[in-house]
Amino acid sequence: MKKPDDHILVIFGASGDLTFRKLVPAIFDLYMQDLLPGHFAMLGVSRSEMSDEAFRNKMKEGIQRFAKFNNSGDDKINNFCKILYYQAIDTSAEEDYAKVKSRLEELDGPCNTCGNYTYYLSAPPSLYTVIPGFLAAHDLNKSESNWRRIIIEKPFGTDLKSALELNKYLLQYFDEEQIFRIDHYLGKETVQNILVTRFANSIYEPLWNSNFIHHVEITAAENLGVGSRGGYYDPAGAMRDMVQNHLMQLLALVAMEPPTVIDAGAIRNEKIKVFQSLRPFTEADFYKNVIRGQYTSAHVQGKQTKGYREETGVNPDSRTETYVAMKFFVDNWRWGGVPFYIRTGKALPTTVSEIVIHFKPTPHKLFVENLDFCNDGNVLVLRIQPDEGILLKTGMKIPGAGFQVKNVNMDFHYKDLQETYVPSAYERLLLDCMQGDATLYTRGDGVEEAWKFVDPVIQYWHDNPDTPLYGYPAGTWGPDMADNLIDGDNLTWRYPCKNLADDGIYCEL
Ligand code: BG6
């Protein structure tokens, strides 16, 4: 693989959790695989005063705890840490950016990094409309002879209006080609594999439409509650935190038309068409087809767990949703009439993300002894995490007299691949940005279109606070109301377990 150009990666928000747990460990993993540029440095920028040495020591701990190659030994980690530097500034003071500039120029010489810079905004979102302008004020945004890129962490806006404003603001200082909006779900191997499953196999795509598919389910469930993130989560809620970004991206990959080539333009053009085809919610839908919930205190595995309103940083009267389930339609030729169901929640029985394609039953039911299977039809599960893999449920004759049909699993698990290294999402995405490849990043217009779909729901809840918010005990699959969303006799959500192939059995919490 061609190495990325020499450059410096500047991380704003370097004293934060993301840098410590994800970004620096991912850069270290790239280093261990010899994927970093020949000349490379990382400059951490934050408010806290810290020497390069103190920053390196802190990052070393992050690497030891979170990097995939954390067992590489002290020498390797220490050697890597030599390319980490730190600069304290008041991020909201324009004049302080002169310090960043002189530090970069100072590093450029010995590090041979040619004035190519990537800025990673892992700072509080209020600074997304500050840092780019201040970089530009110091001529750090564009250059004739070098490249400059900027990575923006989520959340990209808090509603449609703020997302539009943020895009407009960024485009004053950076061109779209320089802007990399991150959605870490797109960095997951299994998410990229949705494209490969669909477009590298000739058996699925002919069936991938309303003629053969009955409905589609997308689930992103999390076992933990909000923990220490209440302060961030309470003004956000599940719709902003998970649906607008991660789940919309999964939906786009499942529903899009085949791109002509695998590149940023072609893929992102197809994804946006999916968002543009989403049937807008009506007022009736806000009650019937969008279900929101909030977890309440419960006894889980012998322990009393906190309800959402008792979590640190959460308003004790909060009406923020920690669970959302929705039914909606993609109004286009391929998907006309096929319901899509998505759900996400905190404090659910297990942590699992998956896409479930339910195929229509056969047109004529020959094996009447087994109506259960005939009614269910075949099911394809694309498991994002954990126990990453693919599962196809298919009918098989039970040996012996008559024609009894049994549902059996054909399953592939990533863990069965020998010697195949699966990079972390941040590792993949950082490497792509270093190579200037935005395929797995979201484009400005795509983010806006996704907001256009979910924003009316958020606005409706805001304007009509009495819209039902159902309580569900922590450790359960969300409000019962969500079960009624699924149309069809005896149809329900798939209740997945940690192991891909297990369902409909006792699930380990
Ligand atoms: C983040 C959300 O974007 O995604 C978190 O802010 C959520 O609330 C997380 O827990 C889920 O990511 P993953 O990779 O653990 O599924």
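Derivation of every value follows stated rules applied to the coordinates shown; laboratory data play no part. Every value quoted in this text rests on a predicted model; they were computed, and no experiment measured them. Neighbour counts are summed over all protein chains in view; Cβ atoms, including those assigned to glycine, are modelled from backbone coordinates with ideal geometry.
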Legend entry - Longest site-free stretch - the chain; sites: chymotrypsin sites (Phe, Trp or Tyr not before Pro), DSSP loop, at most 15 other Cβ within 10 Å: 1-203
Inset, instruction - Name the residue farthest towards the positive end of the dipole of the chain from the options Pro479, Ala347, Leu491, assuming +1 on Cβ of Lys and Arg, -1 on Cβ of Asp and Glu, about the Cα centre. - result: Leu491
Legend entry - Lys168-Asn315 FRET efficiency (beta carbon distance; Förster radius 41 Å; 0.05 resolution): 0.85
Legend entry - Dipole of segment 229-324 [Lys/Arg +1, Asp/Glu -1 at C-beta], most positive-end residue of Tyr295, Thr305, Gln249: Thr305
Inset, instruction - Pull out a ≥ b ≥ c, the square roots of the eigenvalues of the alpha-carbon gyration tensor of segment 109-171, then state rounded if a/c is under 1.5, prolate if not and a/b is larger than b/c, and oblate in the remaining case. - result: prolate
Legend entry - Built amide H within the under 5 Å cut-off of Gln385, gap 5+: Ser353
Inset, instruction - Straight distance only, please: which lysines reach the Cα of Lys168 with their own Cα at less than 24 Å, same-chain residues fewer than 8 apart left out? - result: Lys142, Lys154, Lys271, Lys273, Lys452
Legend entry - Label-point separation, Asp487 to Ala136 (7 Å along Cα→Cβ), nm: 4.7
Legend entry - Loop-exposed GluC sites (Glu not before Pro) per DSSP, neighbour cap 11 Cβ within 10 angstrom, longest uninterrupted part of the chain: 145-418
Inset, instruction - Please report, in debye to the nearest 20, how large the charge dipole of the chain is about its Cα centre when each Lys and Arg carries +1 at its beta carbon and each Asp and Glu carries -1 there. - result: 660
Legend entry - Under Karplus coefficients 6.51, -1.76 and 1.60, residue-wise ³J(HN,Hα) of segment 154-164 in Hz, glycine/proline x: 6, x, 8, x, 10, 6, 4, 4, 5, 5, 4
Legend entry - Mean separation of Cα contacts under 8 Å (6+ apart) over length of segment 420-509, as relative contact order %: 10
Inset, instruction - Return the distance in nm (one decimal) between the two label points of a simple spin-label model at Cys114 and Tyr204, each offset 7 Å from Cα along Cα→Cβ. - result: 3.8
Inset, instruction - Taking H placed 1.01 Å from N in the peptide plane, check which residues at least 5 places from Gly44 or on another chain put their amide H under 5 Å from its amide H. - result: Ile11, Tyr85, Tyr86, Gln87
Inset, instruction - Could you calculate the FRET efficiency of Glu95 with Arg65 from 1/(1 + (r/R0)^6), where r is the beta carbon distance between them and R0 is 45 Å, rounded to 0.05? - result: 0.80
Legend entry - 5 angstrom amide H check on Thr296, placed H, neighbours 5+ away: Tyr308, Tyr472, Ala474
Inset, instruction - Assign one of three labels to segment 272-357, namely rounded, prolate or oblate, based on the Cα gyration tensor with a ≥ b ≥ c the square roots of its eigenvalues; rounded applies when a/c is under 1.5, prolate when it is not and a/b is larger than b/c, and oblate otherwise. - result: prolate
Legend entry - DSSP-defined antiparallel bridges as percent of all bridges, the chain, nearest 5: 55
Inset, instruction - Output ³J(HN,Hα) for segment 491-499: one whole-Hz value per residue in order, computed from phi by the Karplus curve 6.51 cos²θ - 1.76 cosθ + 1.60 with θ = phi - 60°, and x for Gly and Pro. - result: 8, 8, 5, 7, 9, x, 10, 4, 8
Inset, instruction - Just subtract the alpha-carbon distance of Phe412 and Phe329 from 0.36 nm times their residue separation and send over the number in nm, one decimal. - result: 26.9 nm
Legend entry - Spatially near lysine pairs across segment 29-124, Cα under 21 Å, sequence gap of 8 or more or different chains: 10
